[in-house]
1. Can you give me the Cα centroid spacing of segment 31-108 and segment 207-260 in angstrom?
2. Under a crude label model (7 Å from the Cα following the beta-carbon direction), how far is A97 from S150 in nanometres?
3. What distance in nm lies between label points placed 7 Å from Cα along the C-beta direction at Y88 and D28?
4. Just to confirm, what accessible area per residue do you get for segment 266-322 at 1.4 Å probe, in whole Å²?
5. Once amide H atoms are placed 1.01 Å from N in the peptide plane, what residues at a sequence separation of 5 or more from S170, or on another chain, have their amide H within under 5 Å of its amide H?
6. Quickly estimate the mean residue ellipticity at 222 nm for the chain, helices only: each DSSP H run with n ≥ 4 gives -39500 (n - 2.57), and the total goes over all residues, rounded to 500.
7. L74: net charge of surrounding residues, Cβ under 13 Å, Lys/Arg +1, Asp/Glu -1, itself excluded?
8. Arrange the peptides 230-237, 160-167 so that the one whose residues have, on average, the most other Cβ atoms within 10 Å appears first.
Amino acid sequence: MSYPRIAGTGSSLPERVVTNTELAALVDTGDAWIRERTGIGQRHIVDESESTSDLAERAARNALDAAGIDAGALDLIVVGTTTPDRIYPSTACRLQARLSAGECPAFDVQAVCTGFVYALGVAEKFFRAGSVTRALVVGADTHSRLLDWSDRSTCVLFGDGAGAVVLEASDTPGVMSTHLHADGRYESLLYVDGGTPRGAGRTAPGGAYTKMQGNEVFKVAVRTLHRIVGETLSANGLDHNDIDWLIPHQANIRIIEATARKLGMPMERVVVTVEDHGNTSAASVPLALDAAVRDGRVQRGQVLLLEAFGGGFTWGSALIRY
């Protein structure tokens with residue numbers, strides 16, 4: 001049996017930065033109010049010319065460069081995204097063409113903020129089945145295009161970005177295990193009310209915006225993330241002292257702190273990027289991973305716990321020996 005190990009990481013953020021002070025000109029809010037409730041100080045937002053695949057391509061090229069692997073050697077491309085460029089073809093297929101990655105299978109996974117972890121879990125199974133030796137896994141979203149900029153309960157939270165990892169086969173586990181869950185009964189707490197048009201001759205509706213019941217989402221997120229952390233450690237015969245770094249979904253500093261507290265892990269061992277990036281949906285976990293790899297915090301041989309929670313509800317984790 002072969003296992004995937006991370007050979008390289010990469011990320012990409014739009015150049016445009018929107019501060020809390022700038023948002024205060026649009027809605028009834030302020031820097032102190034946003035920081036106190038979310039921990040966010042700024043976020044990167046795409047301009048009209050940028051697409052999800054633009055961000056995904058830059059992140060992918062950075063990861064391929066870090067791994068020293070040519071795109072033509074890839075056996076698989078999986079992209080976690082909720083904001084594809086088009087309904088079809090998939091963002092993964094568009095990315096494959098841009099990278100000149102040959103004819104390997106390429107497809108998207110839609111699990112909102114858990115998208116990257118889901119995509120990683122899917123790729124892991126291909127390795128364990130012996131189907132691939134090199135894969136590209138990307139989390140990329142332009143979630144700002146799903147925001148009502150007059151709704152302060154949502155517009156302050158999200159940003160845009162992409163993160164990627166290149167995986168290659170190894171005889172010993174790099175990705176030690178992945179754990180994926182969903183519960184569609186919570187749809188009404190976090191959703192975007194839009195989709196393909198219904199009825200012949202109709203055009204797609206506009207105004208498809210993120211709707212969220214923040215307090216209820218917080219409660220479920222903390223509860224489910226605590227459970228999946230326990231599930232992940234138990235499945236690998238470990239406890240929290242064996243984890244070098246917790247790399248969580250960057251939704252809200254309060255959720256991150258609550259998860260770390262339940263895990264018994266000091267914040268000094270938690271990678272936090274939410275202040276600078278906001279919630280970048282499927283991109284948040286790989287963005288945080290890449291940041292910690294490139295600044296030297298994450299070292300080879302360390303054990304990383306990745307976890308995320310998103311609309312659906314979906315949630316998942318990955319235990320990785322980097």
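1. Going from one Cα centre to the other spans 23 Å.
2. 3.8 nm
3. Inter-label distance under the simple model: 4.6 nm.
4. Details: 1570 Å² over 57 residues.
Dividing the accessible area of segment 266-322 by its residue count gives 27 Å².
5. So S170 has HN proximity to Y3, R5.
6. On the way: 10 runs with 103 residues, N = 322.
Only helices count here, giving -9500 deg cm²/dmol.
7. Details: positive: R61, R98, R134; negative: D70, D75, E103, E168.
Cβ neighbours under 13 Å give a net charge of -1.
8. Numbers: 230-237: 14.4, 160-167: 32.0.
Top to bottom by mean Cβ count within 10 Å: 160-167, 230-237.
The values are calculated or read from the model by the stated rules, or taken from the named source; none is laboratory data. In this text, all values refer to a predicted model and were calculated from it rather than measured experimentally. All Cβ positions, glycine included, derive from the backbone under ideal geometry; neighbour counts span all protein chains shown. Remember, those area values only see protein heavy atoms, side chains included, never the ligands or the DNA or RNA. Shrake-Rupley method; radii C 1.70, N 1.55, O 1.52, S 1.80 Å.
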